[in-house]
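This report refers to the structure that appears directly beneath it.
The values are calculated or read from the model by the stated rules, or taken from the named source; none is laboratory data. Predicted, not measured: the structure shown is a model, and the values here were computed from it. Positions of Cβ are backbone-derived with ideal geometry, glycine not excepted, and every protein chain shown enters the neighbour counts. These area figures cover heavy atoms from the full protein model, side chains too; ligands, DNA and RNA do not enter into them. Shrake-Rupley method; radii C 1.70, N 1.55, O 1.52, S 1.80 Å.
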Amino acid sequence: MVELSSIIMMAINALIGIVAPFLLAWWVIGKFKAGLKSVLTGAGVFVVFALILESIVHQIVLKGPNGAAITGNTLYYALYGGLMAGLFEEIGRFLSMKLLLKKESPAAKTGIAYGVGHGGVELLILFGVTMISNLAISALINSGSTDTLMATVPEANRAQVQAQLEGLQALTTGTLLFGLWERVSAIILQVGLSIIVWTAVRKGGKWLWLFPAAILLHALVDALAVILSKSADTLSTEIVVFALAIAVGAAGWMLAKKLNAEAAAAASPSAPEVPSAPEVLSAQEVPSAPEVPSAQEAPVAPDSTPAE
């Protein structure tokens, strides 16, 4: 049986996971006057690069000859998973910003909106939809219909599904709260990384190093999360992940201030040039008045008296 308190918490998480992405998008567009295009681009890139392209690579690598060696070693699996997430998501972020958002505002609001779209759709799909699925399966468990469910599962996948059913029955309210906290950390991380990459795209040149830095930061956070989940308790893991997300978010905030200052300076009109005062001629350069002839020099008008 799944505890009623756990079912209630699943419902709360599902509501947050479905509603929060739309509220965040509405907030960032209304408060920062960001473009909807930036939000949708972030959401689309996550779906294409993380859920589709990265998943294809996982299928090839983890089911290949070296797959068992990777999944069987926590360090290898953490490094592999972190690096794949960093590469696919940050390359997708950089390319989409470079190609699709080049006409958007150079201010930080474009990067923030992108991060809200990226993190928001991640929250929606990986958290909200998952919670709805968990609620449905929990209802089957509590109604005693798991045999009907297992009958529809292929033989090769039954052990995995059985483990999921047992995991659901072991879920507690605390575990579900930790899951919600993890999603908050993920959104902060995504917004921070988006501002970092947006700075690299807009400023270029010596600022391009921020792009590979974002890849490494993303890989570091994800890899540490995997390692700690296997070697530490859940509370310690979430504290470390949250602290790293805050650090990345703070770095993004400092870069956002710089981007906004430069955008404001570029948008403000330059002061009009004040015309200089007319040049005053010196006394030597002032033209003299035309000379008036004296009475002696004045020509004598011809005598108009007729001769006698």
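Quick one: angle between helix 36-45 and the longest Cα principal axis of the chain, in degrees between 0 and 90, rounded to 10, please.
Tilt of helix 36-45: around 40 degrees.
Can you sort H58, H118 by 1.4 Å-probe accessible area, starting with the largest?
The residues order as H58, H118, largest area first.
Using the heavy atoms of the protein chains alone and a 1.4 angstrom probe, what is the accessible area of the chain per residue in square angstrom? Kindly include the intermediate steps, with their values, before the conclusion.
On the way: 18000 Å² over 308 residues.
That works out to 58 Å² for each residue.
Expressed as a whole number of Å, what is the distance separating the alpha-carbon centroids of region 24-38 and region 88-135?
12 Å
Taking the Cα centre of the chain as origin and charging only Cβ (+1 Lys, Arg; -1 Asp, Glu), how large is the dipole, in debye to the nearest 20? Please list the in-between numbers first.
Values: 17 positive and 21 negative charges, 310 e Å.
The calculated dipole for the chain is roughly 1500 debye.
Tell me, what HN-Hα J-couplings in whole Hz come from the Karplus equation 6.51 cos²θ - 1.76 cosθ + 1.60 at θ = phi - 60° for each residue of region 214-230, using x for Gly and Pro?
Per residue, the Karplus-derived 3J(HN,Hα) values read 5, 4, 5, 4, 4, 4, 4, 4, 5, 5, 5, 4, 5, 4, 5, 5, 9 Hz.
Based on C-alpha coordinates, I'd like the Rg and Dmax of region 105-241, in Å.
19.6, 63
Calculate the all-directions average of the projected area of region 36-107's alpha-carbon convex hull, and give it in nm².
Numbers: hull surface 21.8 nm².
In nm², the orientation-averaged hull projection of region 36-107 is 5.4.
Got a number for carbon plus sulfur as a percent of the chain's accessible area, 1.4 Å probe? If you can, show how the numbers build up before the last one.
On the way: 12300 of 18000 Å².
That share works out to 68 percent.
What angle, in degrees between 0 and 90 and rounded to the nearest 10, separates the Cα long axis of helix 108-123 from the longest principal axis of the Cα atoms of the chain?
10 degrees
Over region 128-184, what portion of Cα pair distances is larger than 12 Å, expressed as a whole percent?
Values: 1136 of 1596 pairs.
So the portion of pairs separated by more than 12 Å is 71 percent.
Region 95-184: which trypsin sites (Lys or Arg not before Pro) are DSSP loop and have at most 16 other beta-carbon atoms within 10 angstrom? The partial results should precede the final answer.
On the way: sites: K98, K102, K103, K109, R158, R183; in loops: K102, K103.
Passing sites in region 95-184 are K102, K103.
Measuring from label point to label point, each 7 Å out along Cα→Cβ, what is the K206 to Q162 span in nm?
Spacing of the two 7 Å Cα→Cβ label points: 6.3 nm.
Give me D for region 1-139 in µm² s⁻¹, whole number, from Stokes-Einstein with Rh from the Kirkwood sum over alpha-carbon pairs, 20 °C and 1.002 mPa s. Before the final figure, lay out the partial values.
Values: Rh = 16.9 Å.
Reported coefficient: 127 µm²/s.
Just add up the charged neighbours of L123: K/R +1, D/E -1, any other residue whose Cβ is under 15 Å from the Cβ of L123.
Details: positive: R183; negative: E89, E122, E182.
Once all neighbours under 15 Å are counted, the net charge is -2.
Scale the Cα Rg of the chain by the rule-of-thumb value 2.2 N^0.38 Å and send over the ratio, two decimals.
Values: Rg = 35.8 Å, N = 308, 2.2 N^0.38 = 19.4 Å.
Taking the Cα Rg and dividing by 2.2 N^0.38 Å, one obtains 1.84.
Run the numbers for A243 and I52: contour at 0.36 nm per residue of separation, minus the present Cα-Cα distance, in nm.
Working: separation 191, 0.36 × 191 = 68.76 nm, distance 2.92 nm.
Taking A243 through I52 to full extension adds about 65.8 nm, to one decimal.
Using only the alpha carbon atoms of region 156-215, find the Kirkwood hydrodynamic radius as the inverse mean reciprocal pair distance, in angstroms to one decimal.
Details: mean 1/r = 0.0680 Å⁻¹.
Every distinct Cα pair counted, the radius reaches 14.7 Å.
So, with +1 on the Cβ of K and R and -1 on the Cβ of D and E, and no other charges, what is the size of the charge dipole of region 99-227 about its Cα centre, to the nearest 20 debye?
Numbers: 8 positive and 7 negative charges, 186 e Å.
In debye, rounded to 20, region 99-227 gives about 900.
Relative to the longest principal axis of the chain, what angle (0 to 90°, nearest 10) does the C-alpha long axis of helix 158-170 take?
Taking Cα atoms only, the helix is inclined about 80 degrees.
Local charge sum around I188 (other residues, Cβ-Cβ under 13 Å, Lys/Arg +1, Asp/Glu -1)? Intermediate results must be reported in sequence, preceding the final value.
On the way: positive: R183; negative: E122, E182, E238.
In short, -2.
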